[in-house]
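The values are calculated or read from the model by the stated rules, or taken from the named source; none is laboratory data. Given the structure is predicted, the values throughout are model-derived calculations rather than measurements. We place every Cβ from the backbone using ideal geometry, glycine too, and count neighbours over all the protein chains shown.
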Amino acid sequence: MRLAYADPPYLGCAKLYPEHPDAARWDDPLSHAMLLAELDDYDGWAYSLSSTSLPVLLPYAPHGTRVAAWVKPFAAFKRNVRIAYTWEPVLFKPGRDRSSEGAMVGRDYHSAPITTKRGTKGAKPESFCRWVLDLLGYVDGDELTDVFPGTGVMGRVVAQGVLPMRSDEGEAA
């Protein structure tokens, strides 16, 4: 099965990536729309975005797209922002949507703190990557394309193979 994960610079956040000369194009909603259309060529896909861009980008998502939530119990609080940004949506279309097809049973939300000092702004924790693989219905042997590999964490998690599902508290389910 061909699966993909995309974590582009979030809409309006190109200024956070001055080292990437093409980052400015991600401040245009149409760049995100084109990427969402490309992802629909895969059997399943997931797409990270900010909560503030969800109303702008969701209309561009292919039919059948679901919305999941990454809830961040520890997140960066911004000066003079009264309500903190402590969750991020993930748009997704599972490659396998039934447990009878060999996919793990999972949840459409995940609770994990942000990562810090990983070398790339917005780097995701390993547990987030494992959860995204569960959303996709990933099984060993599937092909996963990480469209924005950043720190390479998704590739490292895929290389670990399928592991037992974990609860939010880190105990084996």
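Worth a mention:
- Of all residues in segment 106-124, those satisfying the criterion of being modelled with pLDDT under 90 and either under 22 Å from residue 149 (Cα atoms) or out of contact with any Phe, Trp or Tyr (no Cβ under 9 Å at 6 or more places or on another chain) (or both) are 113, 114, 115, 116, 117, 118, 119, 120, 121, 122, 123, 124.
- Subset of segment 129-151 (residues that are of a type in the set (Gly, Ala, Ser) and touching a strand residue (DSSP E or B) at 6+ places or on another chain (Cβ under 8 Å)): 137
- Filter pass, residue 70 being in contact (Cβ under 8 Å) with a residue 40 or more places away in the chain, touching an Asp or Glu at 6+ places or on another chain (Cβ under 7 Å) and under 21 Å from residue 148 (Cα atoms): yes
- Every residue from segment 21-57 that is hydroxyl-bearing (Ser, Thr, Tyr) and in a loop (DSSP other than H, G, I, E, B): 42, 50, 51, 52, 53
- The residues listed here are 14, 103, 6, 46; of these, the one that is touching a Leu at 6+ places or on another chain (Cβ under 9 Å), at negative phi and at pLDDT below 95 is 103.
- Test result for residue 40, surrounded by fewer than 18 Cβ atoms within 10 Å (Cβ to Cβ), touching a residue at least 40 places away in the same chain (Cβ under 8 Å) and under 19 Å from residue 144 (Cα atoms): yes
- Extreme residue, surrounded by the most Cβ atoms within 10 Å (Cβ to Cβ), among residues of segment 137-162 that are modelled with pLDDT under 95 and of a type in the set (Ser, Thr, Tyr): 138
- Flag if residue 19 is over 25 Å from residue 142 (Cβ atoms), out of contact with any helix residue (DSSP H, G or I) (no Cβ under 6 Å at 6 or more places or on another chain) and loosely packed, with under 15 Cβ neighbours inside 10 Å: yes
- Yes/no for residue 12 being in contact with a helix residue (DSSP H, G or I) (Cβ under 6 Å, 6 or more places away or on another chain) and touching a residue at least 24 places away in the same chain (Cβ under 8 Å): yes
- Close pairs (6 angstrom Cβ cut-off, 6 or more residues apart or separate chains): closer than 15 Å to residue 128 by Cα and in contact (Cβ under 8 Å) with a residue 40 or more places away in the chain in segment 44-58, acidic (Asp, Glu) and surrounded by 15 or more Cβ atoms within 10 Å (Cβ to Cβ) anywhere: 48/7
- Looking across segment 134-155, the residues that are in contact (Cβ under 8 Å) with a residue 40 or more places away in the chain and not in a loop (DSSP other than H, G, I, E, B) come down to 135, 136, 143, 144, 145, 146, 154.
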